[in-house]
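Novice: Below is the structure I would like to discuss, written out as structure tokens.
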Amino acid sequence: MKKIIQTISIAILAVLSFGCASTDSAASGEAPLWVVNYRSVYPSAEFIAQRGEGANREDAIADADARIARYIQTEVDSHLTSSTNMIVTGAGAEAVASKEISTQNRTEISSTVTLLNVENPVSYFDKANKTWYAMAVINREEAWNRFVPQLEDARTAFNASFSRAQAENEPLVANVYLRNAWESGKLFLEKLEYARIISDQKEAAYKTDRENIAKIPALLLQNNLESTLALAVTGDNGSIISEAVTTTFSELGLTVAKSAPRYTLEVAVNDNETGSADTVYKIYPDVSIHIVGRTGKTVYSYIIKWNEANGKAAGSLDRAERLAFPVLAERIRKELSADFKARMGIK
């Protein structure tokens, strides 16, 4: 679990102060109630509030802003850690290639907190202690109204991929959408944690969305088990080509085996030779790669061809193949993964 806990600098958080009118309280009498017990003036049911202090009013306001930002970041970090642990523990660590869910970088945290509209309604100078005090306050109702469009955008992005995965009958294809849903789901989950800080009651309406995000690792694992590829090779010389293909798909998270119930990985190597046993062979090989489902549906196709830039491959047929096939195998290692991701919509 990767977790980013960063110290938010005063410089970054200076943008949080909107220049709201602050009322300086006279120091002739007792300190205002918010200095003594700010929660009685800004009850947690209605406000997110922090009190800051400093040598002057500006420092006190900056300190209050920094405290409220750190509070929000700490709460988001804590809940994300708890939520992520619960999601991946039951599903198996191998279910998701990238499980890390971490908070935003400091600029984005600052931007998010700014969106919630931090106000600095009051400040006070304590002459006896030569200290300024100030409040940083977020009205929960107003913050929710400001934040909900962002939350809904994240929800829409997640559901676009998750719904397609749910509707897909091919496990191999469904996993493409599930991986995309996991990536957008991590961002959505982070937004939900901000939403929970603002109003846990309103955020409860997104319970089903949280449950759907939590389903993804187990669904990925189940689909992976059903997406094993049975390798069927023709025309290779030894295993020069098939080894490159197998390695590439393994790195993509797919299992390649001798047999599989649902998918066949067909690899056909054609020499396209000229010449005969009595002369020197010249070959212009190509490799076609197809993933075919048990119903005969081709899920993925890729063809790589010899070209002039690859040079010449000539001699006996065996020698020509041993010259040409490693060149094609290297191209497969470089090109197949990118093509599969692009064609299958993997981000």
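The values are calculated or read from the model by the stated rules, or taken from the named source; none is laboratory data. Worth saying up front: this structure is predicted, and the values here are computed from it rather than measured. Positions of Cβ are backbone-derived with ideal geometry, glycine not excepted, and every protein chain shown enters the neighbour counts. Note: areas computed on protein heavy atoms with side chains; ligands, DNA, RNA excluded. Shrake-Rupley method; radii C 1.70, N 1.55, O 1.52, S 1.80 Å.
Novice: Could you tell me how far the Cα centroid of segment 152-199 sits from the Cα centroid of segment 211-244, in Å?
Specialist: If you average the Cα positions of each part, the centres end up 23 Å apart.
Novice: A further question on this structure: Under a crude label model (7 Å from the Cα following the beta-carbon direction), how far is E75 from T131 in nanometres?
Specialist: Going by the 7 Å Cα→Cβ label model, 2.4 nm.
Novice: Considering only protein heavy atoms, with the full assembly of protein chains and a 1.4 angstrom probe, order M135, M344 by accessible area, largest first.
Specialist: So, going from the largest accessible area down, we get M344, M135.
Novice: Still on this model: Hey, which of these cross-link pairs are over 23 Å Cα-Cα: K186/K207; K282/K341; K207/K341; K215/K297; K191/K215; K191/K341?
Specialist: K282/K341; K207/K341; K215/K297; K191/K341
Novice: How big is the shadow of the Cα convex hull of segment 270-347, averaged over all directions, in nm²?
Specialist: Its Cα hull, projected and averaged over all orientations, spans 6.5 nm².
Novice: Would you calculate the separation in nanometres between label points at Q150 and A205, each defined as 7 Å from the Cα along the Cα-to-beta-carbon direction?
Specialist: In this crude label model, Q150 to A205 measures out at 1.8 nm.
Novice: For segment 186-306, what is the Kirkwood hydrodynamic radius in Å, using each pair of distinct C-alpha atoms?
Specialist: Computed over Cα pairs of segment 186-306, the Kirkwood hydrodynamic radius comes out at 18.1 Å.
Novice: Follow-up. Compare K341, K312, K191 by solvent-accessible area with a 1.4 Å probe and give them largest first, with all protein chains kept in place.
Specialist: K312, K341, K191
Novice: Something else: Using a 1.4 Å probe on the protein heavy atoms, what percent of the accessible area of segment 253-347 belongs to carbon and sulfur?
Specialist: Answer for segment 253-347 is 49 percent, counting heavy atoms of protein chains only.
Novice: If you don't mind, there's one more thing I want to ask. In square angstrom, what is the accessible area per residue of segment 224-347 with a 1.4 angstrom probe?
Specialist: Per residue, segment 224-347 has 53 Å² of solvent-accessible surface.
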